[in-house]
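Here, each number is a calculation from the coordinates, and none is a lab measurement. Owing to the predicted nature of the structure, the values given are computational and were not obtained by experimental measurement. Counting neighbours? That spans all protein chains shown, and the Cβs are built from the backbone with ideal geometry, glycine included.
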Amino acid sequence: MKKILVTGSNGLLGQKIVYNLLDRGNFEIIATARGENRLKEKNGYEFVSLDITDENAISDVFEKHQPNVVINTAAMTNVDQCESEKEACWELNVIAVKYLAQASEKHNSHLIHLSTDFVFDGEDGPYTEGDEPNPLHYYAESKLASERILQDYNIKWSIARTIIIYGIVDDMSRSNLVLWAKSSIENKQTINVVNDQYRSPTLAEDLAEGCILIAEKEAEGIFHLSGPETHCILDLVYMVADYYDLDKSYIKPITSVSLNQAAKRPPKTGFIIDKAKEVLGYNPVGFREGIKILEDQIKEKEK
C-alpha cells in the first residue's frame, strides 16, 4: 500500500483529495496542514500539523513517514495579496516547494505539485501543456518558478495546472465563484462581474480525482486538469443565476480595466485537456452539472 502525503489538507482541494483517498482505500494517508485538522472525518488517516515553509519540519515528517507520493496543494493563491506581500508569497509558493523537492529527492518520493492557468498571459488560450508560459503578475511568476524547481531535482515529478476551483469544504467558511454569486444575488446585492475574461472552471472533486490518477498511474510531466469547457466569467455567473432561478438584474457586467486590480489578469486562458483524458482517463464534468453536484452536497450537509 502506497503512502501518500497531502499538504494543505484543510483547503478545498486538500479535503477533496483526503476524502477521495479514503473512499479508494488503497493508500496510507498522511494529511498535513498549518494549525488544527478542520476535516470532520478524523478516522482512516493520520493528521500532522505542518508548516511547509519550515525546512526542518518537512525533513522530520518525511523521515518519520517515508511517503511514496506527495501532493502539494498548499499555496498563497490570493493574486492581489501576492502583489503586496511578495516575500510571503515567494516563501510559500517557491521556497517551500524547494524544501519539498529536496525531501522528495532524499526519500525517493513522487512529488505532484499544483499550479495554475495564470502562468500564461491569456493572449492565445485555451492552452496545451506544451505552450510557452508568460506570467503577468507576481503570483503567476511564483508558480512558474515553483514548476521549474521541480525539474531541477532528480525526482519523479508531476505538475497539475488548474483553473478556478469550485466546491464546498467541511467548515463551509470559504466561498468560491458559485457560492459567491448565489448568495449575493439571493441577498439582493449587485455584483460586478467581468465580461472580458474567459476560464475553464474546475469542480474540486474532478481536480482531486485527476491528482490521484497521476499518483496511481505514476504519470510524470505536466498535466492540465480543468473543467472541459471555457466560458466568459460573466456567462458563468449567469449560469449560476439560471440554475437557481435568480434575478439576473443584480449582475452588472464590467470590464477588467474598471476593477483597477493590483495584478493584471490574463484575458483568455482555458485548457485543452486531451493529454489528461488520454494518459490519465481524466473525465471532468461541465459547469452546469458541477453546480448540481455542489447543490446536492449543500443539501446533504443541511440535513
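If the chain linking residue 189 and residue 108 were pulled fully straight, counting 0.36 nm for each residue of separation and taking away their Cα-Cα distance, it would gain 24.0 nm. Remark: 90, 157 ranked as 90, 157, counting other beta-carbon atoms within 10 Å and listing the fewest first. For the residues 120, 271, 27, a GNM of the chain with alpha-carbon springs under 10 Å puts the largest fluctuation on 27. Each of 259, 204, 214 was scored by the projection of its Cα onto the charge dipole of the range 193-263, and the greatest displacement toward the positive side belongs to 259; charges sit on the C-beta of Lys, Arg, Asp and Glu. Most tightly packed first, judged by the mean number of other beta-carbon atoms within 10 Å of their residues, the peptides 243-250, 280-287 read 280-287, 243-250. Rounded to the nearest Hz, the phi-derived 3J(HN,Hα) couplings of the range 229-243 under the Karplus curve 6.51 cos²θ - 1.76 cosθ + 1.60 (θ = phi - 60°) are 10, 9, 10, 5, 4, 4, 5, 4, 5, 4, 5, 4, 4, 5, 4, where x marks glycine and proline. For the residue pairs 143/301; 3/98; 86/299; 3/182; 143/248, the alpha carbons lie more than 28 Å apart in 143/301; 86/299; 3/182; 143/248. Annotation: amide H-H contacts under 5 Å for residue 156 (H modelled 1.01 Å from N, sequence separation of 5 or more, or interchain): 111. Taking the charge dipole of the chain about its Cα centre, with +1 at Lys and Arg Cβ atoms and -1 at Asp and Glu Cβ atoms, the residue from 140, 177, 271 reaching farthest to the positive side is 177. For the chain, taking a cut-off of 4.7 Å between Cβ atoms, the unpaired cysteines are 211, 232. About its Cα centre, the range 1-109 has a charge dipole of approximately 520 debye under the convention of +1 per Lys or Arg Cβ and -1 per Asp or Glu Cβ, with nothing else charged. Scalar couplings 3J(HN,Hα) for the range 244-259, obtained by applying the Karplus form with A = 6.51, B = -1.76, C = 1.60 to θ = phi - 60°, are 9, 6, 9, 6, 6, 5, 7, 8, 10, x, 9, 8, 4, 4, 5, 6 Hz; x denotes Gly and Pro.
Inter-label distance, residue 78 to residue 20: 2.7 nm, where each label sits 7 Å from its Cα along the C-beta direction. Note on the range 1-46: Cα convex hull, mean projected area over all directions, 2.8 nm².
Diffusion coefficient (Stokes-Einstein, Kirkwood radius over C-alpha pairs, 25 °C, 0.890 mPa s) for the chain: 125 µm²/s, rounded to a whole number. Our helix-only sum for the chain, with -39,500 (n - 2.57) per DSSP H run of n ≥ 4 divided by its residues, gives a mean residue ellipticity at 222 nm of -12000 deg cm²/dmol. Each residue of the range 10-18 was assigned a 3J(HN,Hα) from its phi angle through the Karplus expression (A = 6.51, B = -1.76, C = 1.60, θ = phi - 60°), giving 7, x, 4, 5, x, 5, 5, 5, 4 Hz with x at Gly and Pro.
Taking amide H positions as modeled 1.01 Å from N, with prolines and chain starts lacking one, the residues under 5 Å from residue 2 and 5 or more places away or on another chain are 28.
Against the chain, whose longest principal axis comes from its Cα atoms, helix 138-150 is set at around 30 degrees. Annotation: amide H-H contacts under 5 Å for residue 114 (H modelled 1.01 Å from N, sequence separation of 5 or more, or interchain): 72, 160.
Sparse packing (at most 12 other Cβ atoms within 10 Å of the Cβ) combined with a DSSP loop state is found for the following GluC sites (Glu not before Pro) in the range 26-86: 36, 41.
Take the Cα of residue 57, step 7 Å toward its Cβ, do the same at residue 259, and the gap between the two points is 3.1 nm.
If you take the Cα centroid of the range 5-48 and the Cα centroid of the range 50-115, the two points sit 16 Å apart.
Evaluate the charge dipole of the chain about its Cα centre and quote only its size in Debye, nearest 20, assuming +1 on the Cβ of each Lys and Arg and -1 on the Cβ of each Asp and Glu. Roughly 440 debye, rounded to the nearest 20. Its convex hull of Cα atoms gives the range 53-97 a direction-averaged projected area, equal to a quarter of the hull surface, of 3.3 nm².
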